[in-house]
Amino acid sequence: MTAALHDMGVAEMSRALQAGQVSSLEITQHLLTRVADFEHLGAFLARDAQLSLAQARDADARRARGPVHALTGVPIAHKDIFVTRELASTAGSKMLAGYASPFDATVVARLGGGADGQPGAGMVLLGKLNCDEFAMGSANENSAFGATKNPWDLQRVPGGSSGGSAAAVAARLVPAATGTDTGGSIRQPASFSGVTGIKPTYGVCSRYGMVAFASSLDQAGPLARSAEDCALLLSAMSGFDPRDATSAERPPQDFHAQMLQPREQASPGRPLQGLRIGLPREFFPQALATDVHDAVRAALAELERLGATLVDVSLPRTELSIPVYYIIAPAEASSNLSRFDGVKFGHRAKDYDDLRSMYERTRAEGFGAEVKRRIMIGTYVLSHGYYDAYYLQAQKLRRMIADDFQACFRQCDLIAGPVAPTVAWTLGAQQDDPVKAYLADIFTLPASLAGLPGMSVPAGLGAGGMPVGLQLIGNYFGEGPLLQAAHAFQQATDFHRRAPAGVSGA
Ligand code: GLN
């Protein structure tokens, strides 16, 4: 074998396992050593080498016995927002430090050992990944267990809230990771860390066993090296789940096949012929950093060369998506997080006088500053007298933002733009000013509020040699065309293959 084991993506690993060129045990041993070597990134929270090795041996044994799922034996690590039976689940919070879940999240079960008598894909669990506390943040600096560093520049953030996932994939500690995206938490860290990520349509992946932040927005998805790898993972982790009332009742999807299905008008060298890509003018404001602007424009020119047509569209309420999201998400969070009261599970204060002081001290000790800020904002906008002025208004605007997208999709098939207004910032740079970080969510929030699928695709390097992501947004359940465009782009470019210095090779 020519490439180092850690340079292999999911599809490549799957093929090598299938061909008997390598065993899951060899891959897993190699990656476990790497994870230990890259401890300084702060990407991993929980891991258990014996558990991973046992799963790898089991995967090899099953593969030797007969046909298995394509992903069997390929390692995966999960954002620590997914609960796992075998490893502690914290959601990046002191509130849940050491919490042992009695069950696996549906996404974890489907990718791993299965549940309810249904087989899983048989991927090997390498560990749990750092994230912002309860997925609230854009830099992974809100984790109670320390910040994660960006493998491209250790002085910078990897993005958030799925920052551990993005950093682990970028540093080639694991070929793929799960993430969750409420307002951009798969797309933005993917962009900041130079990996590929997809947030599917709301309802495509089950939220069962995903620690809830804002239930009407939360959605799981994969982060990996390529659109092809994401397609393989998404096919395995998605699908209707009777345990999630908002899960979409659709037949199982083969996103990989959809990705490869040639377009009707395709011709050699022009796989995207006939595809109309809308560029919302609000996604290219004056304030957009030049390096991001240039990389995104160059990527769009490449998509044009591949046959796509660029059309100007408008999402007039783009700016309003910030206040709308930062009312709705905290409102839902304040309700979801009421369960952490020191009674049912999680942290409980040691000293208290009565029930009230037990609640107060438990929550004061267990939650970090950003989580408290959101609980207070959420409680405020839902309170009698302010509900109509804030929460109700935000809900009305949310509907209008979703309608704006439908108006665009009458003129185009996909929407493109930047993922974030800048490349990854320096650690600590936005710690004192949360609103600055909120404003940087401007390009990811609209699709989240509308429940639309969105991707981040590596599109080049900007200032300081930091990665820039191209965002592609599809219509509802349009993951196929989205992955297809990203795949065509990645067949023609090599941005997704670039690795941070000192990470690739032997
Ligand atoms: N940055 C956004 C926030 O802090 C989005 C987070 C997310 O998608 N989980 O809420």
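Here are some notes:
- The chain: equivalent-ellipsoid semi-axes (sqrt of 5 x gyration tensor eigenvalues, Cα, Å): 31, 30, 21
- Candidate lysines for bridging to residue 128, where Cα separation is under 29 Å - those fewer than 8 sequence places away on the same chain excluded: 79, 94, 149, 199, 344, 350, 372, 436
- Percent of beta bridges antiparallel (DSSP, the chain, rounded to nearest 5): 70 percent
- Diffusion coefficient (Stokes-Einstein, Kirkwood radius over C-alpha pairs, 10 °C, 1.306 mPa s) for the stretch 67-120: 133 µm²/s, rounded to a whole number.
- Taking the stretch 481-506 and a reference point 7 angstrom along Cα→Cβ of residue 37, the backbone N atoms nearer than 12 Å belong to 502-506.
- Sequence-separation-based contact order of the chain, relative, with Cα cut under 8 Å and 6+ spacing, percent: 17 percent
- Dividing the helix sum by the residues of the chain, where each DSSP H run of 4 or more adds -39500 (n - 2.57), gives a mean residue ellipticity at 222 nm of -10500 deg cm²/dmol.
- Normalising the Debye intensity of the stretch 315-362 to I(0), with uniform scatterers on Cα atoms only, and taking log10 at q = 0.23 Å⁻¹ returns -0.80.
- Hydrodynamic estimate: the Kirkwood radius of the stretch 263-407 over Cα pairs, inserted into Stokes-Einstein at 10 °C and 1.306 mPa s, corresponds to D of 82 µm²/s.
- Cβ crowding within 10 Å, taken as a proxy for footprinting-reagent exposure, orders 23, 191 from fewest neighbours to most as 23, 191.
- Cα-based Kirkwood hydrodynamic radius, the stretch 154-252, one decimal, Å: 13.4 Å
- Spin-label model distance (nm) - residue 289 vs residue 393, 7 Å beyond Cα toward Cβ: 3.2 nm
- Taking label points 7 Å from Cα along the Cα-to-Cβ direction, residue 439 and residue 57 give a separation of 5.6 nm.
- Paramagnetic reach from residue 250 in the stretch 197-212 [backbone N under 11 Å; point 7 Å along Cα→Cβ]: 200-205
- Extension gain (nm, one decimal) between residue 260 and residue 343, 0.36 nm per residue minus Cα-Cα: 24.8 nm
- Debye intensity ratio in log₁₀ form over the Cα atoms of the stretch 87-231, taken at each q of 0.19 Å⁻¹: -1.14
- Restricted to Cα atoms, the stretch 26-90 shows a radius of gyration and a Dmax of 13.1, 40 angstrom.
- Relative frequency of Cα-Cα separations exceeding 19 Å in the stretch 337-444, percent: 68 percent
- All Cα-Cα distances of the stretch 226-337, cut into 5 Å bins from zero to the largest, leave 2, 9, 10, 12, 14, 17, 19, 11, 5, 1, 0 percent in each bin in turn.
- Arranged from fewest to most other beta-carbon atoms within 10 Å of their beta carbon, 340, 145, 192, 443 become 145, 340, 443, 192.
- Calculated from the alpha-carbon coordinates, the stretch 197-259 shows an Rg and a Dmax of 11.5, 32 Å respectively.
- Theoretical FRET efficiency, 1/(1+(r/R0)^6), r = Cβ-Cβ of residue 350 and residue 305, R0 51 Å, to 0.05: 0.20
- Taking only Cα atoms of the stretch 328-388, radius of gyration then Dmax in Å: 12.5, 39
- Cα shape, the stretch 424-470, gyration tensor, a/c 1.5 rule: oblate
- Near-label residues of the stretch 199-215 by backbone N, under 14 Å of a point 7 Å along Cα→Cβ of residue 243: 206-212
- For the pair the stretch 10-72 / the stretch 339-378, the C-alpha centres are spaced 39 Å from each other.
- Kirkwood hydrodynamic radius of the stretch 250-298, from inverse mean 1/r over distinct Cα pairs, in Å: 14.2 Å
- Across the alpha-carbon set of the stretch 1-141, the Rg to Rh ratio works out to 0.98, Rh being the Kirkwood radius.
Readers should treat all values here as calculations from the given coordinates under stated rules, not as data from a laboratory. Small disclaimer: the values here were computed from a predicted structure and weren't measured. Backbone-built Cβ (ideal geometry, glycine too); neighbour counts: all protein chains shown.
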